[in-house]
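Asks: If you scroll down you'll find the structure; I have some questions about it.
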Amino acid sequence: MISADREHCEAARVAAKEAGRILMEGFGRRPQVYYKGRINLVTDVDRRSEAAIVDFLHRRFPDHTILSEEGQGHAGKGEARWIVDPLDGTTNYAHGFPIFSVSIALEQRGEIRCAVVYDPLREEWFTALRGGGAWLNEEPIHVSDTDRMTEALLATGFPYDVKESPENNLNHFQNFMVRAQAVRRPGVASIDLAYVAAGRLDGFWEFKLKPWDIAAGVLLVSEAGGTVTDFRGGPLDLFRAEIVASNGLIHHAMLQVLALADSDTGP
């Protein structure tokens, strides 16, 4: 199975490389911006990147389903499904803020089998195969060995309806800020998860996410020796939109902090 996963992962890399070329070609210019919500952006570059990925994967694997953020996917006949984010970090990209990625994962029978997160600005390739490990530019990666919350560097993000909904992650952010060493908010969930896998971050939490935000990153963390669950420590559901990912050593402590919001206990 791993040999087939390797073939799929190599195809994902080819697709991601072309998407990254498109992103780099347009980066630093003023892209054409459209709004899917009050602060939820999509650009013409998102759509061009997605079209390149979908076209390549569909030609290579015509029976595979392709689920992609901007809706240019494909309904296949087989059980394999690609989950694609052609530009994770659209708001960053539109402002010229240099953190964004291409994220591609392949799911079969409910399992993520291979994953690619590509940062074209830094030429960093994060890849993983189920049962085969995780790598950064061909070098094996592993989660950190930080075992105390007070020494942990965490990351999170805020939902697109943060201005309208009372469920906005601000309470969790406050609770973690006073317990962890520091919390960062890069605005790119796939990069956050890749950094947990590589040991650059010790943990990550967020909610109201979509499958394409996290599918590839989930496998990266798992194959790098980390732990990924929902907010209660149960199995992750890509469509349930909440995730806690960590090096495993601080996972229980992170779940305890998240539970504070339910008990209305302050810092």
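The values are calculated or read from the model by the stated rules, or taken from the named source; none is laboratory data. All of these numbers come straight from a predicted model, not from anything done at the bench. For neighbour counting, all protein chains shown are included, and Cβ atoms are generated from backbone atoms with ideal geometry for every residue, glycine included.
Asks: Taking the conditions exactly as written (in contact with a Phe, Trp or Tyr (Cβ under 9 Å, 6 or more places away or on another chain), assigned by TED's automatic domain parsing to the domain that holds Val45 and not β-branched (Val, Ile, Thr)), does Glu107 satisfy them or not? Spell out the reasoning first.
Replies: On the way: in contact with a Phe, Trp or Tyr (Cβ under 9 Å, 6 or more places away or on another chain): yes; assigned by TED's automatic domain parsing to the domain that holds Val45: yes; not β-branched (Val, Ile, Thr): yes.
Yes, satisfied.
Asks: Something else now. Of the residues Gly233, Gly203, which is crowded, with 24+ Cβ neighbours inside 10 Å and not assigned by TED's automatic domain parsing to the domain that holds Gly131? Lay out the reasoning, then the answer.
Replies: On the way: Gly233 fails: crowded, with 24+ Cβ neighbours inside 10 Å.
One residue alone meets the criteria, Gly203.
Asks: From the list Leu129, Leu87, Leu121, exactly one residue is surrounded by fewer than 24 Cβ atoms within 10 Å (Cβ to Cβ), touching a helix residue (DSSP H, G or I) at 6+ places or on another chain (Cβ under 6 Å) and not assigned by TED's automatic domain parsing to the domain that holds Leu220. Which is it?
Replies: Leu129
Asks: Restricting to the range 198-218, give me the number of residues that are more than 18 Å from Ala253 (Cβ to Cβ) and more than 11 Å from the chain's Cα centre (by Cα). I'd like the intermediate steps shown before the answer.
Replies: Quick first cut of the range 198-218, residues more than 18 Å from Ala253 (Cβ to Cβ) only: 198, 200, 207-218.
Pick out the ones that are also more than 11 Å from the chain's Cα centre (by Cα) and you get 198, 200, 207-208.
Summing the residues that are more than 18 Å from Ala253 (Cβ to Cβ) and more than 11 Å from the chain's Cα centre (by Cα) in the range 198-218 gives 4.
Asks: Now for a separate question. Condition (residue is surrounded by fewer than 18 Cβ atoms within 10 Å (Cβ to Cβ) and at pLDDT below 95) applied to the range 7-18: is it met by at least one residue?
Replies: There is at least one residue in the range 7-18 that is surrounded by fewer than 18 Cβ atoms within 10 Å (Cβ to Cβ) and at pLDDT below 95.
Asks: Here is a further query. Tally up the residues in the range 169-184 that are modelled with pLDDT under 95 and not in a helix (DSSP H, G or I), please.
Replies: Of the residues in that region, 1 qualify.
Asks: Next up: Could you grab me the full set of residues in the range 103-148 that are part of a strand (DSSP E or B), out of contact with any strand residue (DSSP E or B) (no Cβ under 9 Å at 6 or more places or on another chain) and farther than 22 Å from Ser68 by Cβ?
Replies: If the condition is that a residue be part of a strand (DSSP E or B), out of contact with any strand residue (DSSP E or B) (no Cβ under 9 Å at 6 or more places or on another chain) and farther than 22 Å from Ser68 by Cβ, then Glu139 is the only one that fits.
Asks: Hey, can you tell me all the residues within the range 245-259 that are surrounded by 24 or more Cβ atoms within 10 Å (Cβ to Cβ) and under 21 Å from Phe126 (Cα atoms)?
Replies: Ala245, Ser246, Asn247
Asks: For Trp135, indicate whether it is within 19 Å of Leu87 (Cα to Cα) and out of contact with any helix residue (DSSP H, G or I) (no Cβ under 8 Å at 6 or more places or on another chain). Please lay out each step first, then the result.
Replies: On the way: within 19 Å of Leu87 (Cα to Cα): no; out of contact with any helix residue (DSSP H, G or I) (no Cβ under 8 Å at 6 or more places or on another chain): yes.
Answer is no for this residue.
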